[in-house]
Structure formats: structure tokens, C-alpha cells
């Protein structure tokens, strides 16, 4: 919230990513930024993806800077949560007038989702 309150909307995603890094460091929260993960298909490594943040080695955080979140953004965040094999993730959109966020669940850990 502090980053969005201070900057507002309209910047590129990387700007919000850098600011969030500063705030996480200030809060003493451990994280990796742009952490790469291999993507497998039928036991074949087919590529890599980078999540914006892995926080406390438990939560994937994906940032956006778009006017409004769409289903494709939610699908991407869910794919990261599954690929990294984490139970939850957070999708944060700094591009809207009000900060938008969605909690993302990995169906492997949440069978009722």
C-alpha cells in the first residue's frame, strides 16, 4: 500500500518492483527477486520463467502495472504458484487508481479451490 500511495499509478512494473524491494528490505522480510524456475512438460524441461518475488521462500508475488487485472493475469500467477510448487501466491496490480490484489491458491494444496 505504501508504494502505491506514494507513487500512484502510471509507472512501469519494474519501478514498482524496485520500490517493493526497498520496502521488503526495510521490513526485514527475506525475498528473492526475479527468481528463475524451470518449467517441465511430461518430465522434459521446456523453458524457464521468473516470478517477480519469492517471499520468505513460501509465497510467490507477481506484480502488474495495468489498468485492470484480467483473467490472463490470474492464470499467469496461478501457473507460477504451481510451477514453483508453493501453496499460495499474491497478484498485485499497481496500475489501477486503487491498488488491486488477489490471493492465488495452488489446487494441489487446496483441493476445495
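The values are calculated or read from the model by the stated rules, or taken from the named source; none is laboratory data. Note that this is a predicted model, so its numbers are computed, not measured. Glycine also receives a Cβ, built like all others from the backbone with ideal geometry; neighbour counts cover every protein chain displayed.
Considering each residue of region 9-28, count those that are surrounded by 12 or more Cβ atoms within 10 Å (Cβ to Cβ) and part of a loop (DSSP other than H, G, I, E, B), and give that number.
2
Given the conditions (1) touching a residue at least 12 places away in the same chain (Cβ under 8 Å); (2) at negative phi; (3) out of contact with any strand residue (DSSP E or B) (no Cβ under 7 Å at 6 or more places or on another chain), report the number of the one that residue 80 does not fulfil.
Exception for residue 80: condition (3).
Test residue 24 against the criterion of being modelled with pLDDT of 95 or more and within 13 Å of the chain's Cα centre (by Cα), and give yes or no. Before the answer, list the steps.
Details: modelled with pLDDT of 95 or more: yes; within 13 Å of the chain's Cα centre (by Cα): no.
Against the criterion (modelled with pLDDT of 95 or more and within 13 Å of the chain's Cα centre (by Cα)), residue 24 does not qualify.
Are any residues in region 56-72 touching a residue at least 12 places away in the same chain (Cβ under 8 Å) and either touching a helix residue (DSSP H, G or I) at 6+ places or on another chain (Cβ under 6 Å) or part of a helix (DSSP H, G or I) (or both), and if so, which ones? Full working, then the answer.
Pass one, region 56-72, residues touching a residue at least 12 places away in the same chain (Cβ under 8 Å): 56-69.
Matches in region 56-72: 60, 62, 63, 64, 65.
For residue 75, are the conditions met, namely being touching a strand residue (DSSP E or B) at 6+ places or on another chain (Cβ under 6 Å) and either assigned to a loop (DSSP other than H, G, I, E, B) or without any contact (Cβ under 8 Å) to a residue 40 or more places away in the chain (or both)? Don't jump to the end; show me each part of the working.
Working: touching a strand residue (DSSP E or B) at 6+ places or on another chain (Cβ under 6 Å): no; either assigned to a loop (DSSP other than H, G, I, E, B) or without any contact (Cβ under 8 Å) to a residue 40 or more places away in the chain (or both): yes.
No, not satisfied.
So if I check each of 43, 38, 68, which one is surrounded by fewer than 17 Cβ atoms within 10 Å (Cβ to Cβ), in contact with a strand residue (DSSP E or B) (Cβ under 7 Å, 6 or more places away or on another chain) and modelled with pLDDT under 95?
Exactly one residue qualifies, and that residue is 38.
For the subset of region 99-113 comprising residues that are free of Cβ contacts under 8 Å to residues at least 60 places away in the same chain and under 22 Å from residue 12 (Cβ atoms), which member is surrounded by the most Cβ atoms within 10 Å (Cβ to Cβ)?
Here is the first cut: in region 99-113, the ones free of Cβ contacts under 8 Å to residues at least 60 places away in the same chain are 100-113.
Narrowing further to those that are under 22 Å from residue 12 (Cβ atoms): 100-102.
Details: 100: 18, 101: 14, 102: 15.
Residue satisfying both the conditions and the ranking: 100.
Scan region 54-65 for residues that are buried (at least 20 other Cβ atoms within 10 Å of the Cβ) and closer than 16 Å to residue 99 by Cβ and report the count.
4
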